[in-house]
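Reading through the structure tokens given below for one structure.
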Amino acid sequence: MRRHKKERLMNPNLEKLQPYPFAKLAKLKAGLVPADQPHIALSIGEPKHPAPDFVRETLVAHLDQLSAYPATKGLDDLRGAIGDWLRARFGLEHVCPDTQVLPVNGTREALFAFAQAVASPGSRVLMPNPFYQIYEGAALLAGASPFFLNCTAQTGFRPDFGAVPAGVWRDCDLLYLCTPGNPTGALLDEDALRQLIDLADRHDFIIASDECYSELYFDEDAPPPGLLQACRAMGRNDFSRCVVFHSLSKRSNLPGLRSGFVAGDAQVLEKFLLYRTYHGCAMPLPHQHASIAAWRDETHVKENRALYREKFAAVLETLDGCLDVSAPEAGFYLWPRVGDGEGFARELFRQQNITVLPGSFLARESGGSNPGREYVRMALVATLEECIEAARRIRAFCG
Ligand SMILES: Cc1ncc(COP(=O)(O)O)c(C=O)c1O
């Protein structure tokens, strides 16, 4: 049959995009009648703790600046605040805010745009599996093909870089990392990060380390390490081949501000800035001022961690002995093994009016299996009371 001309003119790579996990979830729930009790959503990873008042006030105080075009590179003060934060958080005393830092409108757009700037058509883009869905879409729309690194209980939910075939390394332009991981919460330690940097040198690829959950951890004395910190430990102050992605969304409960940054290799960021100038993704000036205030304060971040700590303790205590689940190393997700993730999600919704996300929707079939199939993802973003109520109902469901 002859295709409509408009259809033929569309980018054919669009055909390769999968429906987003929440579209799959809506289909799974379609037609089901849930139990008659208030709905609790543990499915969406959207922070629900209140945004800090001082950030809201700073945003409002700068609304007059909406009448100016912002520069893509961002204000010196914003890059300066981010540089100070990187120094304090990761010990990066040599970081240069002028060449090694760029503001972005949330890590989602930056993770997507990065592949467009870095990956050449026909190359391989490596990513964990399960994974944040943007990595795959970014690779496909860049004309590259994704290669999935299964993260299973056997691998400690970390990618097994030793299992990557030589031909895949040869064609690899870009590798996405997610540490702390969504959905598993697993971390790569500094040794693993250093080994990965050695691989990047050997096979000539760029590492994009998505660290947007790095500030949600449990032990105040043991924050998760980051890729640039591993660079510093290697004496690699130019951060060659390494770029990290950070966000205010989870750290500061500001998902609606759309504010984050990328930092790392100045040569890569110079080209990325050129790409972004054409793409047109400068951050509005009031958002930049609000972001400066947020990056310069740690008190609200500590309070935020305390809220999550309390929720994880209460929920895990209630679920103890009824679900195969343990505390993540960081982040705000639980990743319990439930057997049939889709069946579990469907029945939990029907019997208890709780929505969780089947792990299979966050992963792809690779090496003969879908590493998310036996899992569901639960985001502990609701209030303490709602999370406890959800845990109580899940216990009743499992019992
Ligand atoms: C792993 C991961 N990376 C990036 C993002 C995007 O966050 P934002 O664009 O709000 O910075 C998310 C959001 O849920 C995420 O889970």
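Here, each number is a calculation from the coordinates, and none is a lab measurement. The shown structure was predicted, so the numbers you read here are calculated from the model rather than taken from an experiment. So basically every Cβ, Gly included, is an ideal-geometry build from the backbone, and we count neighbours across all protein chains shown.
Quick notes on this one:
- Peptides ranked, highest mean first, by Cβ atoms within 10 Å: ranges 230-242, 119-131: 119-131, 230-242
- Once the C-beta distance of Asp221 and Glu46 is scaled by a Förster radius of 35 Å, the resulting FRET efficiency is 0.75 to the nearest 0.05.
- Peptides 161-174, 10-23, 324-337, 87-100 ordered by packing proxy, namely the average of other Cβ atoms within 10 Å per residue, highest first: 324-337, 87-100, 161-174, 10-23.
- Across the range 146-159, rounded Karplus estimates of 3J(HN,Hα) from the backbone phi angles (6.51 cos²θ - 1.76 cosθ + 1.60, θ = phi - 60°) give x, 10, 9, 9, 5, 10, 10, 4, 5, 9, x, 6, 10, x Hz, Gly and Pro being marked x.
- Binned Cα-Cα distances of the range 314-359, short to long, each 5 Å bin given as a whole percent: 5, 20, 24, 31, 17, 3, 0
- Taking the number of Cβ atoms within 10 Å of each Cβ as an exposure proxy, the fewest-first ranking of Cys178, Cys281 is Cys281, Cys178.
- For Leu357, residues with placed amide H under 5 Å, excluding near neighbours: Arg377
- When you filter the GluC sites (Glu not before Pro) in the range 211-290 for DSSP loop state and at most 16 other Cβ atoms inside 10 Å of their Cβ, you are left with Glu220.
- Phi angles across the range 198-203 convert, under the Karplus curve 6.51 cos²θ - 1.76 cosθ + 1.60 with θ = phi - 60°, into 3J(HN,Hα) values of 4, 5, 4, 5, 5, 10 Hz, Gly and Pro given as x.
- Taking other C-beta atoms within 10 Å as the exposure proxy, Leu140, Leu380 rank Leu140, Leu380 from fewest upward.
- Using θ = phi - 60° and Karplus 6.51 cos²θ - 1.76 cosθ + 1.60, couplings along the range 248-253 (whole Hz; Gly, Pro as x): 8, 4, 8, 4, 10, 6
- Summary value for the chain: 24 percent relative contact order, contacts being C-alpha pairs under 8 angstrom separated by 6+ residues.
- Neighbourhood charge, 12 Å Cβ-Cβ cut-off, centred on Val356 and excluding it, Lys, Arg +1 and Asp, Glu -1: +2
- Summing charges over all other residues whose Cβ lies under 12 Å from the Cβ of Arg309, with Lys and Arg as +1 and Asp and Glu as -1, gives -1.
- Descending principal axes extents, the chain, alpha-carbon based, whole Å: 57, 56, 49
- Nonlocal amide H pairs with Ser369, under 5 Å, H built at 1.01 Å: none
- Remark on the chain: Cys96, Cys151, Cys172, Cys178, Cys212, Cys231, Cys242, Cys281, Cys387 stand apart, with no other cysteine beta carbon under 4.7 Å.
- Simple label model, 7 Å out from Cα along Cβ direction - Glu15 to Ala233, nm: 4.7
- By other beta-carbon atoms within 10 Å, ranking Leu175, Leu323 with the fewest at the front produces Leu323, Leu175.
- Relative packing of peptides 339-352, 287-300 - highest average C-beta neighbours within 10 Å first: 287-300, 339-352
- About the centre of its Cα atoms, the chain shows a dipole size close to 1620 debye [charges on the beta carbon of Lys, Arg (+1) and Asp, Glu (-1) only; nearest 20 debye].
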